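The values are calculated or read from the model by the stated rules, or taken from the named source; none is laboratory data. If you're wondering where the values come from, they're calculated on a predicted model, not measured in any experiment. Glycine also receives a Cβ, built like all others from the backbone with ideal geometry; neighbour counts cover every protein chain displayed.
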Amino acid sequence: MYLRKSCLSRKISRSYRESQKSSKETRPGRDSVEPASTGSDLVAGDGAGSWAGMFPELLGEIIRRVETSEDRWPQRQNVVACACVCKKWRDITKEIVKSPPAPVGGKITFPSCLKQPGPRDLPHKCLIKRNKKTSTFYLYLALTQSFTDKGKFLLAARRYRRGAHTEYIISLDADDLSQGSNAYVGKLSSDFLGTNFTIYDSQPPHSGAKPSSGRASRRFASKQISPQVPAGNFEVGQVSYKFNLLKSRGPRRMVCSVKCPSSVETDEDKHLDDLKMNKPETSVSGYTILKNKSPRWHEHLQCWCLNFHGRVTVASVKNFQLVATVDQSQPGGKGDEETVLLQFGKVGDDTFTMDYRQPLSAFQAFAICLTSFGTKLACE
């Protein structure tokens, strides 16, 4: 009985398949018609959709016009949307975003842009939110003039005590602040007194760069976890606060030495990197020396004052403005000591403003501002 039923079901299924096959062959032009593209095809990562079949010249011109027209967020999200269509669009978008020269650069689009130089003319206006309970700091790109609007999240940092030293772990993820995370971008390490800081980058600042030696520069305490994850950090800058032994009135005095990124890598830069691959990091040119701008004494207010152009509303010893020092190697031995490259100031109990421009990146500016937090008995 059961054997008869199974044989009957096989015959029915075989006859149904044969009828379906014959009906497809009798339909005119069936084999020449391609199936319509679906939404999944358009956003496929392998670029198999019809959107990926556009001519490269036309596709590049479309993305270039979108990239040029949208200068700031939230309109900047249109550029990100172009990169989400397929793999071909993503590769062309990344190439176009990297291509603008330094004078018109500074646009924040992808996480990699956080380590590119800021704009030259108008600085990026950012906000830093502090959480004292968790010792966490959040960096946002200001979208409006209001200090209460959170803006677009960029980076997060958390303060840790490592014996006699203090470290700030900087991450792209506000909830995952560890050196073993894929979102880890760098860290800031201080000495015992909290007056000297070293900025470490998770990625090499130039070709041929070697990780810094020393226990403080290690990313992992144990052996390297994965070949794709670098176990070391690369030193890209130092921040020093001068001692104030006489306890004289005035703001903190600080000096920064930062290896600033280059918007466009020229053949000369590549040649210099090749020549200096076997030399220590300090011998590689490209460091920018910054110092705090000297304030003036206001007789009526009886305090030291700096013009923050409305971006700082609360007096604090943490407030500062950084300018480039006089470069004796330049013709005439003069530098621009009036243009503020980075300014940081307090606007609330746990809210601070951060405005930066070329040659600093968002990552470097954030790390320098983190050095201002914390009490420095030797400098105040």
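Quick look at the numbers
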{"item": "Verdict on ILE199 being free of Cβ contacts under 8 Å to residues at least 24 places away in the same chain, within 25 Å of VAL255 (Cβ to Cβ) and not in a loop (DSSP other than H, G, I, E, B)", "result": "no"}
{"item": "Any hit, segment 160-167, residues being modelled with pLDDT of 90 or more and within 20 Å of LEU141 (Cβ to Cβ)", "result": "no"}
{"item": "Matching residues in segment 73-85 - criterion: being without any contact (Cβ under 8 Å) to a residue 60 or more places away in the chain and either part of a helix (DSSP H, G or I) or within 17 Å of the chain's Cα centre (by Cα) (or both)", "result": "ARG76, GLN77, ASN78, VAL79, VAL80, ALA81, CYS82, ALA83"}
{"item": "Filter result for ILE170 (within 20 Å of LYS259 (Cα to Cα), out of contact with any Asp or Glu (no Cβ under 8 Å at 6 or more places or on another chain) and aliphatic (A, V, I, L, M))", "result": "yes"}
{"item": "Qualifying positions in segment 158-196 - of a type in the set (Lys, Arg) and touching a residue at least 60 places away in the same chain (Cβ under 8 Å)", "result": "ARG159"}
{"item": "Check on PHE352, modelled with pLDDT of 75 or more, part of a strand (DSSP E or B), within 27 Å of PRO205 (Cβ to Cβ) and out of contact with any Gly (no Cβ under 6 Å at 6 or more places or on another chain)", "result": "yes"}
{"item": "Count of residues meeting criterion [on the phi > 0 side of the Ramachandran plot and at pLDDT 90 or above] in segment 121-159", "result": "1"}
{"item": "Single unsatisfied condition, SER99 versus (1) within 26 Å of ARG357 (Cβ to Cβ); (2) hydroxyl-bearing (Ser, Thr, Tyr); (3) at pLDDT below 80; (4) touching a helix residue (DSSP H, G or I) at 6+ places or on another chain (Cβ under 6 Å)", "result": "(4)"}
{"item": "Residue ID - surrounded by the fewest Cβ atoms within 10 Å (Cβ to Cβ), chosen from residues in segment 55-72 that are in a loop (DSSP other than H, G, I, E, B) and either among the charged types (D, E, K, R) or in contact with a Gly (Cβ under 6 Å, 6 or more places away or on another chain) (or both)", "result": "ASP71"}
